[in-house]
Number of protein chains: 2
Amino acid sequence: MFSKACEYGIRALTVIAEAGKEHKKIGMKDICKLAKTPEFFTAKILQNLVKQKIIGSQKGPSGGFFIAKDLDKITLYDIVEAIDGKEIFVKCGLGLDKCNAKKPCPMHSQFELVRNELNEMCRNNNLEDLVQGFHGEVYNR
Amino acid sequence: MFSKACEYGIRALTVIAEAGKEHKKIGMKDICKLAKTPEFFTAKILQNLVKQKIIGSQKGPSGGFFIAKDLDKITLYDIVEAIDGKEIFVKCGLGLDKCNAKKPCPMHSQFELVRNELNEMCRNNNLEDLVQGFHGEVYNR
DNA sequence: AAAATAAAGGATATTAAGGTCTTTTTATAC
DNA sequence: GTATAAAAAGACCTTAATATCCTTTATTTT
Ligand code: FES
Ligand code: FES
């Protein structure tokens, strides 16, 4: 469904947000240890998220990553779009150039339902919701 | 959502099924021309579907591919599983080892809805349904 | 039987995703 | 100011998906 980069990104964001509750900032090593994501690859993903202003970062000693805005202002849609692009939210299920209800592919009517559900899900859930559903050692399995 | 192989596979199957109405069999070249899929790659996909008994094939002159069983006995689920495997139908949205409602990832409750919708969609639709939604030159765009 | 046709199979090439390493830059702590 | 810590940036490697080509096998037509 989502790319590895996206899965890792979301996991890392929950960890950063969770940590933000207490110490405000958290470094790469800790993020990856908690989110169980490969370190250098995750670094790339976070660099991208910083550029897109989803998160902030600070260099140097006692630096790290943090969430700049309110958690409920960052939707799952924002995150997925930032990492994977918006293709998944609009793409034709059979890979045709553009999903087109006027000239629908044979799967259109059925696929639209699934894609709409995905859109709704991503638009109606934000980082705060994810952090609420985040408990302890989930990523340790 | 689905792999290219899967998109091509489904498209090819609709073409084979549609053709089956009249001439019973249809060859690679015609399939690919109608389904707008790369020829040699599609060949591999169909070979796989033949092995999995989703379709039948015949070598030699006037040979080709055809659907062996009733169209409504081949669900979208069967097709996707045959090509991409069943991972997408059970996988955790955040890429954890196994989706586990007892130890849910932060996205579990939300993601489950989308995944269930996908499951239902694929189980409740079959090749006959797709052929019904198939009209003329759809793949020409 | 021979020729022709079409799928099967195997080998190889290309591209994109996933992942790692090293160097550079920036900020903090001392 | 110097040393240190941490992110940014860039280069590179690996793997898997996608795609093509060539040879073999089976079947039909003549
Ligand atoms: S045209 Fe294929 S999903 Fe809409
Ligand atoms: S545990 Fe992640 S989707 Fe169920």
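The values are calculated or read from the model by the stated rules, or taken from the named source; none is laboratory data. Here the structure is a predicted model, which means the values were calculated and not measured. With ideal geometry, Cβ positions are generated from the backbone for all residues, glycine too; neighbour counts draw on all protein chains shown. Quick note on the areas: whole protein, heavy atoms, side chains included, nothing else; ligands and nucleic acids left out. Shrake-Rupley method; radii C 1.70, N 1.55, O 1.52, S 1.80 Å.
What to note about this one:
- Count of residues meeting criterion [within 12 Å of DNA strand C (Cβ to nearest atom) and either closer than 17 Å to A:Leu130 by Cβ or hydroxyl-bearing (Ser, Thr, Tyr) (or both)] in the stretch A:36-65: 7
- Taking the stretch A:92-123 as the range and being open to solvent by 50 Å² or more (accessible area, probe 1.4 Å), among the hydrophobic types (A, V, I, L, M, F, W, C) and facing another protein chain (nearest Cβ under 7 Å) as the test, only A:Leu113 passes.
- So B:Glu22, is it acidic (Asp, Glu), more than 12 Å from chain A (Cβ to nearest Cβ) and more than 16 Å from ligand 1 (Cβ to nearest atom): yes
This table checks each residue for (1) more than 10 Å from DNA strand D (Cβ to nearest atom); (2) at pLDDT 95 or above.
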position: A:Gly20; (1), (2): yes, no
position: A:Leu34; (1), (2): yes, yes
position: A:Glu39; (1), (2): no, yes
position: A:Lys44; (1), (2): no, yes
position: A:Asn48; (1), (2): no, yes
position: A:Phe65; (1), (2): no, yes
position: A:Asp97; (1), (2): yes, no
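- Test: residue in the stretch A:45-58 that is more than 27 Å from B:Ser109 (Cβ to Cβ) and either in contact (Cβ under 8 Å) with a residue 40 or more places away in the chain or within 14 Å of another protein chain (Cβ to nearest Cβ) (or both): no
- Considering only residues in the stretch B:59-86 that are of a type in the set (Gly, Ala, Ser) and away from chain A (no Cβ under 14 Å), the one that is nearest to ligand 2 (Cβ to nearest atom) turns out to be B:Ala82.
- For B:Phe89, the conditions (1) crowded, with 19+ Cβ neighbours inside 10 Å; (2) assigned to a helix (DSSP H, G or I); (3) touching a Lys or Arg at 6+ places or on another chain (Cβ under 9 Å); (4) of a type outside the set (A, V, I, L, M) all hold with the exception of (1).
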